[in-house]
1. Roughly what % antiparallel, to the nearest 5, for the DSSP beta bridges in the chain?
2. Restricting to Cα pairs below 8 Å that are 6+ residues apart, what does the relative contact order work out to for the chain? Please round to a whole percent.
3. Averaged per residue, what accessible area in Å² does segment 1-93 show with a 1.4 Å probe, protein chains only?
4. Per the 1.4 Å probe, what fraction of the accessible area of segment 32-72, in percent, lies on carbon and sulfur atoms?
5. Rounded to the nearest 500, what is the 222 nm mean residue ellipticity of the chain from helices alone, with -39500 (n - 2.57) per DSSP H run of 4+ residues and division by all residues?
6. Which label belongs to the value computed from this structure, given these candidates for Cα Rg over 2.2 N^0.38 Å: (i) 1.22; (ii) 1.28; (iii) 1.04?
7. Among L24, M84, N69, flag the residue with its Cα farthest along the positive direction of the charge dipole of the chain, charges on Cβ as +1 for Lys/Arg and -1 for Asp/Glu.
Amino acid sequence: MNYRSNRVSNLIRDELSMLIKRELEFPKAIATVTEVQVTKKLDEAKVMVSVLPSTEAAGVLGILSGARNRLQHLLMKKLNIKPMPHICFEIDRGPENAAAVEKLLIDDNNK
């Protein structure tokens with residue numbers, strides 16, 4: 001990733017995290033933006049979201065996808081980036097997988 005796309009990724013991650021906290025409500029879950037990956041052409045941004053509890057991931061993804069156009073518009077107003085990358089949301093299973101591995105290691109040490 002080059003310098004500009006790295007900076008744009010960080011900007012989008014920070015602003016989008018605040019927008020999601022302020023604009024959206026998830027009734028049974030907590031959603032956190034963990035990473036944003038922007039293409040070199042700055043035309044697309046893949047937003048990775050961690051959801052707790054993980055059983056609510058589909059519902060949170062539905063809410064985020066439904067609010068994507070509004071969030072995209074608010075991002076364009078807040079950030080002066082041309083072109084503004086088209087955002088798409090994906091669930092980040094990394095923290096969930098790390099917790100499962102840690103549990104296995106703890107169980108293995110207790111035997």
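The values are calculated or read from the model by the stated rules, or taken from the named source; none is laboratory data. Predicted model, so just to flag it, every value in this text is computed and none were measured. Note that we place each Cβ from the backbone using ideal geometry, even for glycine, and neighbour counts take in every protein chain shown. Accessible surface is based on the protein model in full, side chains and every heavy atom, while ligands, DNA and RNA are left aside. Shrake-Rupley method; radii C 1.70, N 1.55, O 1.52, S 1.80 Å.
1. Details: 8 of 14 bridges.
Here the antiparallel bridges make up roughly 55 percent for the chain.
2. Values: 128 pairs, mean separation 30.3, N = 111.
RCO, the chain: 27 percent.
3. Details: 5700 Å² over 93 residues.
Ligands and nucleic acids excluded, the result is 61 Å² per residue.
4. Values: 1120 of 2130 Å².
That fraction is 52 percent.
5. Working: 4 runs with 58 residues, N = 111.
Helix contribution divided over all residues of the chain: -17000 deg cm²/dmol.
6. Checked against the structure: label (i).
7. Looking along the dipole axis, the top candidate is M84.
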